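**Q** Take a look at this one; I'll ask things after.
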Amino acid sequence: MTAQAEQGAPGGHMLIAIAGNPNSGKTTAFNRYTGARQHVGNYPGVTVEKKSGTAHLDGRDIILMDLPGMYSMSAYSPEETAARQALADERPGAIIDVVNAGVLERNLYLTVQFLEMGLPVVICLNMMDEARAQGMTVNVQLLEELTGAKAVPAVARSGEGLEETLRAAVELAETSGGRIPPLEISYGPDLDTALTEMEPVIREAGLFADTYPPRWVAMKFLECDQDMLHSAQAAAPEVAARLRAMADRTSAHLRNTVGADAEAVAADYRYGWIRSILRQGVRVEDEQKNRIDLSDKIDMVLTHRIAGPLFLLAVLYGMYFLTIEVGAYPLALVESAFDLLQSAVDDLMPDGPLKSLVVSGIIAGVGGVLGFVPLIVIMFMLIAILEDSGYMARAAYMMDRIFRIFGLHGASIMPFIIAGGIAGGCAVPGVMATRTLRSPRERLATMLTLPFMTCGAKIPVFLLFINVFYEGNKTLAMFLFTLAGWGVAMLAALFMRSTIIRGEASPFVMELPPYRWPTAAGVLIHTWERAWQYVKKAGTVILAISILIWAGMTYPGLSEAEEAAYEAQKSALEERLDALPPDAAAKDDAAAKDTGYPDMFSRNPGAKAAGKSDKSPVPESTAPGDAAPSADRAAPAKDDAAAKGGGAAKDADYRDLFSHDPAAGKGGKGPAPESTAPADGSGETEETARERIQQQLADLENAKAAEALRDSYAGRLGTALEGLTAPAGFDWRVNIALIGGIAAKEVVISTLGTAYSLGEVDDENTSGLAQYIRADKSWTKSKVMAFLLFTLLYSPCFVTLTVIRQEAGGWRWFFFSLFFNLALAYGVAVAANQFLGGLI
Amino acid sequence: MGEIISLRDLKKGQKAVIAGVDVGGEMGRRIRDMGLTPGVEVICVGRAPLQDPVALRFMGFTLTLRNHEAGFVRVRAA
C-alpha cells in the first residue's frame, strides 16, 4: 500500500467511499458490507448524516464512508456540498460508485463527474438481476474501456458481486494512491477553448494543486460554482479574479450565441457523452419489454385521482393504529418496569429529599419519556418501510399541491404525521424526520410548525376535559382539536414563509422509484439509528430537566411552623384512629408514609397506590395486598377495567375515545368521597368512623402537598403570572401545570392533580381530578376551551426544542419556537376565553 | 415533427422530445441533473390527484416535477 492511499484513514486502515444516486441500492450495499458495525454522525456544520462503518476483506479491516445519496456533484444541496467536502478532506483511497444498471444513463452522470475530478472509481453495476429481467444487457468490458473505470456487475440485495467490488476498490486504492488521471470529455468548441486557456493559469498558480485537477477547477469557474469561487478567492485572490474574468467572457459569449449558460451547456455535453458511450454498445436493450411495468400498474391505483388519496388516508390511519394499538403492549411493559423500579426504590430508601428526587424526579421523569420508546420504534419502523418501498415518494407527489399553498413541500407530510397529525405521535421524531426534506426553507417551516400537532402527550389533557365537558361528542371534539392543530400549523407555516423564512419555493423535482420490497436489515438499521438518537436525548436532557422541575416544585417547602401545624393535626387524627378497635391496621401508615413531596411525573406510582386507595371508600381496597398491584399491571388486558390502574390504561383511554364504549377506560378508582358529610359519633359504625378518619388523614396530606406546591418556587411563579394569564382565565394551578408542561407535556395533568390537592394524579387515572374540575365552577366552557387550545399550541416540550435547535442549526430557532408558539397560544387562549363564552 | 410546446402542457400518455430548458440557477441545474436535456424522449405517465405535479418517464425511470418547473422545459410533441 502506498503512503497516499492511507491518507485520511484513521489508524492506518484503508478508507473507501461509497457513493451513488438515491435509490441506486447504495445503502443496501453499505449495510451488506458493514452490518451492524456502523457509526452515524453529522458532517461538520450541516445536518447531513455521516455514516461510516468497517468492512472485512481478506483478513483486513476497511473503513467505509457512506456519502449522501446524490444525483450530481454540484454544490447546491447540503448533501452535495458535504460529499464534496468529505472527498476533498478525507481523501478516500477509492470510491465505490453504486449504479442502478437499469437507469444507467442518469446514474453515470455522477460517475463521469467523479472521473473528471480524477478520483479512482469502481463502478458497482447494481440491480443487474432487474436489468436482465427487463431485457437489458450491459457490456461490462466496453464500459470499462470507454470510461477507464473498473466495473463489477452486482446484486446488492443478495450480496452478489459485492466482495469483488470491494476487492477491486482496495486494489485500485493501492495502485492509484487516491488519484488517477482525470477523464476529459469535450464540452463543445466554446467551452473547450476557454478550458484550454484557463488550465495553464490554474496549473501555474498551483490553485487546489493537490485536491482537484486544473481542468475541473476551470470548469467550476465557468459554471459559477459559488463554493469553489469562494475557496479560490480565499486561496489566491488575484488568480481567482483573472480566472473569473476569463470565465465571464466565455459565459457572455455563450449567452449571445446559444442563449444558455456554461452550466447548462456542460450538463448537455456530459449527458451527450454518456449517451454516446451507451450507443456504442455498452447497453443493449430489448425494446419489446416494457420496463418498470409492475410499478406502473401499482401506480395506476395508488396514485389514482380518487383511489390514491383514499389509500393514503388508509395508510396513515393504519400507521397510527399499529403504533398506538400494537405499541400499547411494549409500552405497558416498559411502564410497569419503571413502576417496579420506582416501588423498589421507594421501599429501599429512607424517606427524605433524596428519595423524593430519585423517585419523583429521576425515575418518573426519565421513565415517562423512555416509555415512549416502543411507540417510537414502531413508528420509525413503519416509516422506514414506507420509505424503502417507494411509497413515501408517492405520498409527497400526491400531497405537494396542497402543502405548496402554505409554503411547504409534498415531503412535509410524513414529519407532520409523525408529530401527531392524526393524533398520538411525537414531535421529536417528527423534527428528525424533516431530514428527508431537501429544501432548507420548507424544511425549517415544517420543523417549526409540526409541534402544533396533537402529540401523544397532549392527548390525556384533551381526554380529561373532553370527558368532563363534551361527554356526548368525544370523538368529534377530539377530531376537531386535531383539525385545529393542522389549521394552525398550516397558517403558521404560511405566515413564516411570507415573513421570516421568505423565499421562492424550492424546486420540486423528485424521482418516483419503482416499488420494491424493503429488506429486513435495511429497515432494522434505519429504525435503530433513529430510535437510539431519541433515547440518548431522553437520557440526558430529560434527566437534567426532570431534576430541575422537581426542585422547582419541591423547594423551599413548608416552613417549620406550617409543618408543625400539619403534624399536630395529623397526630390528633392518628390518635383517634388508634383509639378505635384494631382490625385492618396494616394500612394506616400508608398515608403517613407519604413523603409529602409532590409526585410530578408519575404516570403510575406503584408504591403510592396504597396512599391512593386510602381515598377510596371501597372496602376491598383495605386489603394490604392492593399496595402492590404491579402484577396485573403487566398484563395489557384490553377491556379489563381493572387495568385502569396500570400501564395499559393509557391505551384504554385512546380506545375509549375511538370505540364509543363508555364502559372502557372508566372504573377502577372510586369517586372522590364527600369526606365532610357525616357528623361525629351518633350511629356511626366503627368501620365508617375508621374510613372517615382515614379520609381526613389523606385529605390532610393532600392539603399539605398542595400548600407546599403553592409555596414552592414553581407555585410562586404560577401565582406571580396570574396577572398575565387572567385574561385567558388561568389561575396559579393552571399556570404551574403549563409551566411544567414545557418540560414534557405529560406533566400537565399530574401537576394539575397535585395543585388540586389530590396528592398524586397520574395522567391515566384522572377520574378524581375530573370530579374536582367538574365541581370547580371557575371552569367555564370558554375557560376550558382557552386552556385546551393553549395546551395544543403553546411552546413545544423541552426535548422538541432541543432537537429543533440541533436540526435547524441555532439557538435562535430554539427561542423562536418557544416564544412564537407561546405568544400565539396566549393570543388564541385569550380570544377563546373572552369571546367564545356565548358560542359554545 | 410536432410543434414546440411546454412540457407542462403534455397530456397523459403523450410522448415528446426535449428541445431545451429555459431556466438557470438551482432549478435549471436540478432539472438538467436529472437528465432532462435536449434530445431526450419523454412520456407523460400521469398527474397527481390535483393535476400537479406531473410524472414523466424517460431514460428508464419516473420523475415528478411541478407544473411550474415543467413550464421551463420546451418539448417537441410527437
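Any read-out appearing in this document is the output of simple, stated calculations on the displayed coordinates, not a laboratory observation. Small disclaimer: the values here were computed from a predicted structure and weren't measured. No Cβ is skipped: glycine too gets one built from the backbone with ideal geometry, and neighbour counts run over all protein chains shown.
**Q** When Cβ neighbours within 10 Å are restricted to other protein chains, what is their mean count per residue of peptide A:499-512?
**A** Numbers: counts 0, 0, 0, 0, 0, 3, 4, 3, 13, 10, 15, 9, 5, 10.
Whole-number average of other-chain Cβ neighbours for A:499-512 is 5.
**Q** Using 26 Å as the Cα-Cα cut-off, could you pick out the over-long pairs in A:Lys220/B:Lys11; A:Lys150/A:Lys297; A:Lys704/A:Lys777; A:Lys474/A:Lys777; A:Lys355/A:Lys783; A:Lys355/A:Lys458? Before the final figure, lay out each step's value.
**A** Details: A:Lys220/B:Lys11 38 Å; A:Lys150/A:Lys297 36 Å; A:Lys704/A:Lys777 23 Å; A:Lys474/A:Lys777 21 Å; A:Lys355/A:Lys783 37 Å; A:Lys355/A:Lys458 29 Å.
Beyond 26 Å between Cα atoms: A:Lys220/B:Lys11; A:Lys150/A:Lys297; A:Lys355/A:Lys783; A:Lys355/A:Lys458.
**Q** I would also like to ask the following. Can you give me the pair-distance distribution of the range A:343-419, C-alpha pairs, 5 Å bins, whole percents?
**A** Going from the shortest bin to the longest, the percentages are 3, 13, 15, 13, 9, 8, 8, 7, 7, 6, 6, 3, 0.
**Q** What's the local net charge at A:Ala505, with K and R +1, D and E -1, over the other residues with C-beta under 14 Å away?
**A** Numbers: positive: A:Arg401, A:Arg404, A:Arg438, A:Arg441, A:Arg443, A:Arg497, A:Arg502, B:Arg30, B:Arg66; negative: A:Asp400, A:Glu442, A:Glu504, B:Glu26, B:Asp52, B:Glu69.
Result for the local shell: +3.
**Q** Now a separate question. Which ordering of B:Lys11, A:Lys783 is given by a fewest-first count of other beta-carbon atoms within 10 Å? Let's see the in-between values first.
**A** On the way: B:Lys11 9, A:Lys783 22.
Final ranking by Cβ density, sparse to dense: B:Lys11, A:Lys783.
**Q** Kindly state, to the nearest 0.05, the FRET efficiency for A:Ala314 paired with A:Ile405, given R0 = 25 Å and r defined as their beta-carbon distance. Don't jump to the answer; show the numbers that get you there.
**A** Working: r = 24 Å, r/R0 = 0.95.
Given R0 = 25 Å and the Cβ-Cβ separation, E is 0.55.
**Q** Tally Lys/Arg at +1 and Asp/Glu at -1 over every other residue whose Cβ is under 13 Å from the Cβ of A:Pro796; what's the total? Walk me through the intermediate numbers first.
**A** Values: positive: A:Lys458, A:Lys745, A:Arg805; negative: A:Glu807.
Taking every other residue near A:Pro796 into account, the sum is +2.
**Q** Could you point to the residue in A:Gly102, A:Val48, A:Leu172 farthest towards the positive end of the range A:4-176's charge dipole, with +1 and -1 charges on the Cβ of Lys/Arg and Asp/Glu respectively?
**A** Result: A:Val48, furthest along the dipole toward the positive end.
**Q** Please give the direction-averaged projected area of the C-alpha convex hull for the range B:4-77, in square nanometres with one decimal. Before the final figure, lay out each step's value.
**A** Values: hull surface 16.6 nm².
So the mean shadow area of the Cα hull is 4.1 nm².
**Q** Output the peptides A:239-252, A:424-437, B:26-39 sorted from most to least packed, where packing is the average of other Cβ atoms within 10 Å over each peptide's residues. List each step's numbers first, then the result.
**A** Working: A:239-252: 16.4, A:424-437: 24.5, B:26-39: 21.9.
My ranking of the peptides, most packed first, is A:424-437, B:26-39, A:239-252.
**Q** Let me ask something else. Where a ≥ b ≥ c are the square roots of the eigenvalues of the C-alpha gyration tensor, would you call the range A:4-176 rounded, which needs a/c under 1.5, or, failing that, prolate if a/b is larger than b/c, or oblate?
**A** Details: a/c = 1.43, a/b = 1.27, b/c = 1.13.
Taking the square roots of the gyration eigenvalues as a ≥ b ≥ c, the range A:4-176 is rounded.
**Q** Select from A:Ser276, A:Val258, A:Ala232 the residue farthest towards the positive end of the dipole of the range A:188-285; place +1 on Cβ of Lys and Arg, -1 on Cβ of Asp and Glu, and compute about the Cα centre.
**A** Checked the options; the winner is A:Ser276.
**Q** So how far, in whole Å, is the C-alpha centre of the range A:202-276 from the one of the range A:475-511?
**A** The distance from the Cα centre of the range A:202-276 to that of the range A:475-511 comes to 40 Å.
**Q** Considering all alpha-carbon pairs of the range A:188-285, what whole percent are spaced by more than 15 angstrom? Mind showing how you got there, number by number?
**A** Values: 2949 of 4753 pairs.
So the portion of pairs separated by more than 15 Å is 62 percent.
**Q** When only C-alpha pairs under 8 Å and at least 6 residues apart count, what is the relative contact order of chain B, in percent?
**A** Details: 156 pairs, mean separation 36.7, N = 78.
Relative contact order, chain B: 47 percent.
**Q** Sticking with this one: Other chains' Cβ within 10 Å of A:389-400 residues: what's the mean? Each step should come with its number before you reach the end.
**A** Working: counts 0, 1, 0, 0, 2, 3, 0, 3, 11, 5, 3, 7.
Mean partner shielding for this stretch: 3.
**Q** Oh, and also: Determine the shielding of peptide A:305-318 by partner chains: average, over its residues, the number of Cβ atoms on other chains within 10 angstrom of each Cβ.
**A** Numbers: counts 6, 1, 1, 3, 3, 1, 0, 1, 0, 0, 0, 0, 0, 0.
For peptide A:305-318, the averaged partner shielding equals 1.
**Q** List the extent of the Cα atoms of the range A:236-380 along each of their three principal axes, largest first, rounded to whole Å.
**A** 87, 58, 33
**Q** With +1 on each Lys and Arg Cβ and -1 on each Asp and Glu Cβ, and nothing else charged, work out how big the dipole of the range A:4-176 is about its Cα centre, in Debye to the nearest 20.
**A** Details: 13 positive and 21 negative charges, 69 e Å.
My answer is approximately 340 debye.
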